[in-house]
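Chemist: Could you have a look at this structure, given as structure tokens, before my questions?
The values are calculated or read from the model by the stated rules, or taken from the named source; none is laboratory data. Computed from a prediction, not measured in an experiment: that's the story for all the values here. Cβ atoms come from the backbone with ideal geometry, glycine included; neighbour counts cover every protein chain shown. The area values use the complete protein model at the heavy-atom level, side chains included, leaving out ligands, DNA and RNA. Shrake-Rupley method; radii C 1.70, N 1.55, O 1.52, S 1.80 Å.
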Amino acid sequence: MKIIFVWLLAIVFLIDSVLRAIRSSFNLGVLMMYLITAALWIYALFHTKIDAFCVAGAGRVLKIIFFCCCAVFALLLIFVAVSGYSDTATKQEKAVIVLGAGLRGERVTDLLARRLDAAYDYHLENPNAVIVVTGGQGPGEDIPEARAMKAYLVEKGVPEKQILEEASSTSTEENFCFAREILEQHGLSQDEPVAYVTNAFHCYRAAKYAAAAGFTNVNAIPASIGFSSVLPCYMREVMAVLYYWMFRT
């Protein structure tokens, strides 16, 4: 029964991996999906030998280590998921910082569109807040992310004068640092209440980088995420959080 379940998973993940290779940009999350697919197929094809190896000795030790790592990874997935679904915005913020998430040519990706939609919904409730769109031009992008983000919001009805562009950053850390400089140039200090918009899985780490950039009164506006992006995005974020804890704190 177990091996039938593994075969079904292997087939489902293979189909998913093929579709991702066609539709998605390559990143760590997608790579992790490919690795899981490969692992499932290896076990499905060689499960008898693998099970025999794991019965005793070094194989048993490796099996225990593997399942311990899986348990830790699962706990971190839960932590990332729970920490990201808290909308702490008061609707009294002076500015909203929308973090970039990549383009395809000149078009915003689904993840980025969801962030911008969340920023637009916030704008309807607090139209006086300045919106800072952030992101430079990366590989495979024809224009800076901030320019495409501004065009998206203007098309939805946000006044152009209400939007400030930060078009130089290449990371979340730089998103906040450069956005702070732009806000200060427009008379808003780092102590003013601001909100940031990102997808829910990214909220925990974004809050840490906001604080590191000097913002002392910052709130989160979590955006949704498409079903097909859940696994790769959350797995990639677990690795990013681990990296942050080990090397950036």
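Chemist: Say we look at segment 153-173 and pick out the residues that are open to solvent by 40 Å² or more (accessible area, probe 1.4 Å) and over 20 Å from the mean Cα position of the chain (by Cα); which of these is nearest to residue 101 (Cα to Cα)?
Modeler: Checking each candidate, the answer is 165.
Chemist: So, residue 195, is that one open to solvent by less than 40 Å² (accessible area, probe 1.4 Å) and within 28 Å of residue 76 (Cβ to Cβ) or not? Let's see the steps before the verdict.
Modeler: Details: open to solvent by less than 40 Å² (accessible area, probe 1.4 Å): yes; within 28 Å of residue 76 (Cβ to Cβ): yes.
Yes; evaluated as a whole, the condition is true for this residue.
Chemist: Check residue 187 against each of (1) over 21 Å from residue 74 (Cα atoms); (2) not in a loop (DSSP other than H, G, I, E, B) and name the one condition it does not meet.
Modeler: Failing condition for residue 187: (2).
Chemist: Keeping to segment 40-56, report how many residues are surrounded by 14 or more Cβ atoms within 10 Å (Cβ to Cβ) and small (Gly, Ala, Ser).
Modeler: 1
Chemist: Next up: In segment 120-152, what residues are touching a His at 6+ places or on another chain (Cβ under 8 Å) and free of Cβ contacts under 8 Å to residues at least 40 places away in the same chain?
Modeler: Answer for segment 120-152, where residues must be touching a His at 6+ places or on another chain (Cβ under 8 Å) and free of Cβ contacts under 8 Å to residues at least 40 places away in the same chain: just 131.
Chemist: Right, another one. Please specify each residue of segment 4-26 satisfying the condition of being open to solvent by 50 Å² or more (accessible area, probe 1.4 Å), touching a residue at least 24 places away in the same chain (Cβ under 8 Å) and within 18 Å of the chain's Cα centre (by Cα).
Modeler: Residue satisfying the conditions is 25 alone.
Chemist: Could you figure out which of (1) part of a strand (DSSP E or B); (2) modelled with pLDDT of 95 or more; (3) not aliphatic (A, V, I, L, M) isn't true of residue 219?
Modeler: Residue 219 satisfies every listed condition except (2).
Chemist: Can you name every residue in segment 145-164 that is in contact with a Ser or Thr (Cβ under 8 Å, 6 or more places away or on another chain) and over 19 Å from residue 202 (Cβ atoms)?
Modeler: none
Chemist: Take residue 30 and decide whether it is of a type in the set (Val, Ile, Thr) and in contact (Cβ under 8 Å) with a residue 12 or more places away in the chain.
Modeler: The answer is yes for residue 30.
Chemist: Of all residues in segment 143-152, count the ones that are open to solvent by less than 30 Å² (accessible area, probe 1.4 Å), outside any loop (DSSP other than H, G, I, E, B) and either farther than 14 Å from residue 115 by Cβ or not hydrophobic (A, V, I, L, M, F, W, C) (or both). Let's see the steps before the verdict.
Modeler: Narrowing segment 143-152 to residues open to solvent by less than 30 Å² (accessible area, probe 1.4 Å): 143-146, 148-149.
Okay, now just the ones that are also outside any loop (DSSP other than H, G, I, E, B), so 145-146, 148-149.
Pick out the ones that are also either farther than 14 Å from residue 115 by Cβ or not hydrophobic (A, V, I, L, M, F, W, C) (or both) and you get 145.
The qualifying residues number 1.
Chemist: Specify the residue that is modelled with the highest pLDDT; the eligible residues are those in segment 89-110 that are touching a helix residue (DSSP H, G or I) at 6+ places or on another chain (Cβ under 9 Å) and open to solvent by 60 Å² or more (accessible area, probe 1.4 Å).
Modeler: Ranking the candidates gives 94 first.
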